[in-house]
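Everything on this sheet refers to the single structure shown next.
The values are calculated or read from the model by the stated rules, or taken from the named source; none is laboratory data. In this text the structure is predicted, and so the values were computed from the model without any measurement. Here the Cβ is made from the backbone with ideal geometry for all residues, glycine too, and neighbour counts use every protein chain on show.
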Amino acid sequence: MQQRIELAPNCSLDPAAALRYFLSICGLSLLVALTCALRGFWPVLPFWALEMLALGLALKVALQRRFDKQTLLVTDDLVSLVTRSRRGETKEEFARHWAKVRLRNSHTRPHTSRLTIESRGRAMEVGAFLTEDERRKLASRLRAIVGGMNESPPLEFDSTLGDSLR
């Protein structure tokens, strides 16, 4: 028996919508910048260009996140984590009997917690793109599936948890 959990960031913005948004913001802000430039405040134009460059880069980074995915597969013997992104794919496997799920709270307020699966000195972060509430729910679910160190609970499917987080 096995449990499979698919994780993906919430990226509802598609490239066409991002382009429309970017062009509309560029157009509206260019009208304001040109109005200022015509009144003698010409230094506004380079700052407009820098702002639009920053917005374009932020949209590009946000759109690239839609390719990030993590798959957790828990079998009787192994906990396997496959992380896929535009940079490639990595796979980590841990012996389920020795694996431990840890949710580390941040010491500073604006930072989020980190969810890791650890075993024998190795650790892999899970769900870095999840919200804090989603990360806590996933940690609870993984603790029930994986168990603690030296503990391997039976893998029974719990229909209340569903097959994936999203």
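Just the residues that are assigned to a helix (DSSP H, G or I) and under 30 Å from I117 (Cβ atoms), please, taken from the range 20-76.
Start the filter on the range 20-76 by keeping residues that are assigned to a helix (DSSP H, G or I), which leaves 20-38, 44-67.
If the condition is that a residue be assigned to a helix (DSSP H, G or I) and under 30 Å from I117 (Cβ atoms), then V61, A62, L63, Q64, R65, R66, F67 are the ones that fit.
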Query - Residue list for the range 22-65, filter: among the polar types (S, T, N, Q) and more than 30 Å from F129 (Cβ to Cβ) - result: T35
Requested in this report: Keeping to the range 33-55, report how many residues are in contact (Cβ under 8 Å) with a residue 12 or more places away in the chain and under 19 Å from R20 (Cα atoms).
Outcome: 4
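For the range 67-83, indicate whether the set of residues that are among the small types (G, A, S) and within 29 Å of A144 (Cα to Cα) is non-empty.
Taking the range 67-83 and keeping what is among the small types (G, A, S), we get 80.
Checking which are within 29 Å of A144 (Cα to Cα) leaves us with 80.
Yes, there is a match, as at least one residue in the range 67-83 is among the small types (G, A, S) and within 29 Å of A144 (Cα to Cα).
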Requested in this report: Return the total of residues in the range 46-81 being in contact with a Leu (Cβ under 8 Å, 6 or more places away or on another chain) and more than 28 Å from P9 (Cβ to Cβ).
Outcome: 2
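Would you say R84 is in the same structural domain as E132 (by TED's automatic domain parsing), out of contact with any Leu (no Cβ under 8 Å at 6 or more places or on another chain) and under 30 Å from I117 (Cβ atoms)?
On the way: in the same structural domain as E132 (by TED's automatic domain parsing): yes; out of contact with any Leu (no Cβ under 8 Å at 6 or more places or on another chain): yes; under 30 Å from I117 (Cβ atoms): yes.
Answer is yes for this residue.
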Query - Boolean, R120 is assigned by TED's automatic domain parsing to the domain that holds T83, over 17 Å from L73 (Cα atoms) and either at pLDDT below 90 or of a type in the set (A, V, I, L, M, F, W, C) (or both) - result: yes
Query - Within the range 57-85, tally of residues that are closer than 26 Å to A18 by Cβ and loosely packed, with under 15 Cβ neighbours inside 10 Å - result: 8
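I'd like to verify a number: residues in the range 100-144 that are assigned to a helix (DSSP H, G or I), farther than 26 Å from R66 by Cβ and in contact (Cβ under 8 Å) with a residue 24 or more places away in the chain, how many?
From the range 100-144, those assigned to a helix (DSSP H, G or I) are 132-144; that's our starting set.
With the extra rule that they be farther than 26 Å from R66 by Cβ, the set shrinks to 140, 143-144.
Filter once more, so that each one left must be in contact (Cβ under 8 Å) with a residue 24 or more places away in the chain: 143.
Of the residues in the range 100-144, 1 are assigned to a helix (DSSP H, G or I), farther than 26 Å from R66 by Cβ and in contact (Cβ under 8 Å) with a residue 24 or more places away in the chain.
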Report summary line: Residue set D76, D68; condition touching a Phe, Trp or Tyr at 6+ places or on another chain (Cβ under 9 Å) and in contact (Cβ under 8 Å) with a residue 24 or more places away in the chain; output residue D68
Query raised in the report: How many residues, within the range 1-34, are at pLDDT 95 or above and among the β-branched types (V, I, T)?
Result: 2
